[in-house]
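Student: This structure is in structure tokens; I'll ask about it shortly.
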């Protein structure tokens with residue numbers, strides 16, 4: 001089956017929008033999803049940014065919140081910004097990698113995003129992560145142990161390096177087998193359609 | 001009739017996409033368009049940028065070109081980047097203001113964008129502007145004289161100040177009567193639908 005790669009960062013608001021709808025969209029298009037957590041921090045740092053552009057550029061930050069409010073409302077999604085923003089998504093990303101090996105990845109990823117941007121919860125707190133793990137049917141102590149292995153840590157660094165090599169500069173991004181890059185939740189349909197092109 | 005305000009900057013690639021389709025879209029939605037040329041330069045400067053973000057952030061610049069190629073191809077629009085980018089759109093913006101008073105504004109605006117991003121022509125060259133004026137049915141010497149008046153110059157500065165007050169940080173942007181702001185060609189449909197909400 002055709003596939004697209006879904007590049008997401010747990011701190012990213014627009015990644016929340018895509019995470020909550022990509023399975024349904026991809027299923028109805030007949031496309032498989034490769035879930036790829038990565039970190040925007042090192043990519044932003046390489047462009048000289050030490051935080052989210054939504055903090056650096058105030059008008060853009062205000063606009064992003066309103067834009068997501070409107071979209072979330074139209075899609076029937078709850079939306080609440082966590083404080084502080086951006087959240088530190090390092091441990092969530094490592095746990096997601098453990099879950100993607102183990103079968104509970106997508107459910108855990110959605111549970112984290114829901115807690116973070118649906119309820120405004122801190123996702124570096126062990127309690128939020130425990131709740132998301134349990135919701136996804138994972139065994140928390142095994143998952144945390146796996147997330148701390150050198151292998152998982154290296155895999156997350158490699159995802160981030162690969163994102164950078166592919167020219168990814170924001171999240172969510174989508175890449176197709178033939179090397180096309182699409183950026184933003186508003187490009188999801190286009191990315192799926194492209195992946196099906198003969 | 002309901003209206004939306006279309007904020008555009010002649011140097012902006014995504015404004016080209018919107019300028020070429022907004023009339024048809026607005027007409028079929030039954031919405032009037034208020035055309036508002038403004039300058040992004042002062043707005044970018046206020047955020048510490050001395051050129052387009054597509055030049056400052058290379059990955060974003062590469063992506064933007066590919067994104068527009070794909071969209072332009074799907075819409076049957078020619079696309080060619082001018083060199084240098086961004087172009088200086090000051091005089092085109094002043095002429096557009098003269099044309100918006102005089103009835104030939106939209107045709108002139110589209111002719112400038114077509115020359116700039118359909119053919120890669122320099123839009124600060126008098127020849128490009130003359131051709132666009134003639135294509136729009138304007139009388140060039142009268143138009144240039146009007147564009148140089150203190151009144152037109154002040155109107156462009158006022159548009160730019162108003163954009164800044166409204167929190168506009170990029171182009172194209174769309175605003176509705178009830179104060180909503182939408183940014184990007186990919187928000188045009190949403191802006192039109194919003195303007196029709198009761």
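Only the coordinates and a few stated rules stand behind these numbers; no lab work does. None of these values were measured; they are calculated from a predicted model. Heads up, the Cβs are rebuilt from the backbone with ideal geometry, glycines too, and the neighbour counts pull from every protein chain shown.
Student: With chain B rotated onto chain A, spot the residue of B whose Cβ lies nearest the axis and note the distance in whole Å.
Tutor: Chain B residue with minimal Cβ-axis distance: B:186, 2.
Student: What ranking do A:197, A:60 get, fewest neighbouring Cβ atoms within 10 angstrom at the top? Intermediate results must be reported in sequence, preceding the final value.
Tutor: Details: A:197 9, A:60 18.
Going from least to most buried by this count: A:197, A:60.
Student: Between the label point of residue A:1 and that of the same position in each other copy, find the distances and list them shortest first in nm, with every label point placed 7 Å from Cα along the Cα-to-C-beta direction.
Tutor: Nearest to farthest, the other copies are at 4.7 nm.
Student: Take every DSSP beta bridge with both residues inside chain B and express the antiparallel ones as a percent of the total, to the nearest 5.
Tutor: Values: 7 of 13 bridges.
About 55 percent, rounded to the nearest 5.
Student: Tell me the mean residue ellipticity at 222 nm calculated for chain A from its helices only (DSSP H runs of n ≥ 4, each -39500 (n - 2.57), averaged over every residue, nearest 500).
Tutor: Working: 11 runs with 107 residues, N = 198.
Computed ellipticity for chain A at 222 nm equals -15500 deg cm²/dmol.
Student: Roughly how crowded by other chains is peptide B:56-65, in terms of the mean Cβ count from those chains within 10 Å of each of its Cβ atoms? All intermediate terms of the calculation are to be shown ahead of the outcome.
Tutor: Values: counts 2, 7, 3, 11, 5, 1, 3, 8, 1, 0.
Across B:56-65, the average partner-chain Cβ count within 10 Å equals 4.
Student: Residue B:126 to residue B:158: extension gain in nm, 0.36 nm per residue of separation minus the Cα-Cα distance? Spell out each step's value before the answer.
Tutor: Working: separation 32, 0.36 × 32 = 11.52 nm, distance 2.46 nm.
Between residue B:126 and residue B:158, full extension yields 9.1 nm more.
Student: What is the Rg over Rh value, at two decimals, for the protein assembly as shown, using alpha-carbon atoms and the Kirkwood definition of Rh? Please report the intermediate quantities before stating the final value.
Tutor: Working: Rg = 23.0 Å, Rh = 22.6 Å.
We get a ratio of 1.01 for the protein assembly as shown.
Student: Starting with the fewest neighbours, write out A:18, A:124, A:52 ranked by other beta-carbon atoms found within 10 Å of each beta-carbon.
Tutor: Placing the least packed residue first, the sequence is A:124, A:52, A:18.
Student: Can you give the mean number of other chain Cβ atoms that lie within 10 Å of the Cβ atoms in peptide A:168-174? Write out the running numbers ahead of the final one.
Tutor: Working: counts 2, 7, 4, 0, 0, 1, 0.
Counting other chains' Cβ atoms within 10 Å and averaging over A:168-174 gives 2.
Student: What is the Cα centroid distance between the stretch B:8-54 and the stretch B:82-126, reported in whole angstrom?
Tutor: Result: 12 Å between the Cα centres.
Student: Along the Cα-to-Cβ line of residue A:23, 7 Å from the Cα, sits a label point; which residues in the stretch A:101-130 have backbone N less than 15 Å from it?
Tutor: A:101-115
Student: Now for a separate question. What is the average number of partner chain Cβ atoms found within 10 Å of a Cβ in A:122-131? Before the final figure, lay out the partial values.
Tutor: Numbers: counts 0, 0, 0, 0, 0, 0, 0, 0, 0, 0.
Taking the mean over all residues of the peptide, I get 0.
Student: For chain A, divide the Cα radius of gyration by the Kirkwood radius and give the resulting Rg/Rh value with two decimals. Could the numbers behind the result be given before it?
Tutor: Values: Rg = 15.9 Å, Rh = 17.0 Å.
Using only Cα positions, Rg/Rh for chain A is 0.94.
Student: Another one. Among B:59, A:195, which comes first, then next, by fewest other beta-carbon atoms within 10 Å?
Tutor: Numbers: B:59 19, A:195 23.
Lowest count first: B:59, A:195.
Student: Moving to a separate point now. Name the shape class, rounded, prolate or oblate, that the alpha-carbon gyration tensor gives for the stretch A:75-143, where a ≥ b ≥ c are the square roots of its eigenvalues, rounded holds for a/c under 1.5, and otherwise prolate holds if a/b is larger than b/c and oblate otherwise. Before the final figure, lay out each step's value.
Tutor: On the way: a/c = 2.04, a/b = 1.51, b/c = 1.35.
Prolate, because a/c is 1.5 or more and a/b exceeds b/c.
Student: Which distances in nm, rounded to one decimal and ordered from shortest, link the label point of residue B:178 to the equivalent label points in the other identical copies, with labels set 7 Å from Cα toward Cβ?
Tutor: Once sorted, the set of distances for residue B:178 reads 4.3 nm.
Student: Taking each label point as 7 Å beyond Cα in the direction of the beta carbon, state the distances from residue B:73 to the same residue in the other copies, shortest first, in nm.
Tutor: Those separations, rounded to one decimal, come out as 3.8 nm.
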